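Structure first, then comments.
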């Protein structure tokens, strides 16, 4: 390897060496809580994500328009276990789920059912699932996962029955209430407004650290005579 510019080459090597040192520090358990940098930032952004994913009150308000509205659909489930769990859950919220061939004939007051589901999702989201467990007689996460599977299975039958608005509501409950509650269970919620300095520092560091590596490689290649330049346009004679 022929070094054509020792100064640039040395600069590039210093940048890469210091980049490696910082990388070792990032993977060292020196951050608050005795964790490494990746775990610290991952935990922080998970908390911020949970803090910005609390849509349950809005979903509950939207679901109120279905109060007192009866529904009836025949639903096929992927597994017998899903069907059995659906029967238990629906019975707990005052609905009925009767075997009908390979399907379940599900009926009840849609608004009342959704209100209980959202109440449970709210408890799970807030990591306060003691009442949820007592109500369903099972682990709170299992109950909410069961409701997710049950509502998912009900969407297409409702669409086929021309209950489009109802089907859309079930999808909304799944995506904006049950999924955040289930996925963020056990993670404390944080508001971005309380973490602006930390988040800003992390984002600035990410940009600077990426450029740090890039300039190191760039200077090393320039130092050994490999550079990118615009080729000259060859003129025809």
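The values are calculated or read from the model by the stated rules, or taken from the named source; none is laboratory data. Everything quoted here is computed from the prediction, not taken from an experiment. Here the Cβ is made from the backbone with ideal geometry for all residues, glycine too, and neighbour counts use every protein chain on show.
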Would you check if there is a residue in the range 77-92 being assigned to a strand (DSSP E or B), assigned by TED's automatic domain parsing to the domain that holds residue 158 and over 27 Å from the mean Cα position of the chain (by Cα)?
no
I'm told residue 193 meets every condition in (1) at pLDDT below 90; (2) touching a helix residue (DSSP H, G or I) at 6+ places or on another chain (Cβ under 7 Å); (3) assigned to a helix (DSSP H, G or I) except one. Can you identify the failing condition by its number?
(2)
Taking residue 214 as the residue in question, decide whether it is in a helix (DSSP H, G or I), modelled with pLDDT of 90 or more and surrounded by fewer than 17 Cβ atoms within 10 Å (Cβ to Cβ).
yes
When only residues in the range 103-134 that are assigned to a loop (DSSP other than H, G, I, E, B) and touching a helix residue (DSSP H, G or I) at 6+ places or on another chain (Cβ under 9 Å) count, which is nearest to residue 153 (Cα to Cα)?
129
Quick count over the range 7-54, residues being in a loop (DSSP other than H, G, I, E, B) and closer than 28 Å to residue 176 by Cα, is 3
Criterion first (surrounded by 17 or more Cβ atoms within 10 Å (Cβ to Cβ), touching a residue at least 12 places away in the same chain (Cβ under 8 Å) and within 25 Å of the chain's Cα centre (by Cα)) does residue 63 satisfy it?
yes
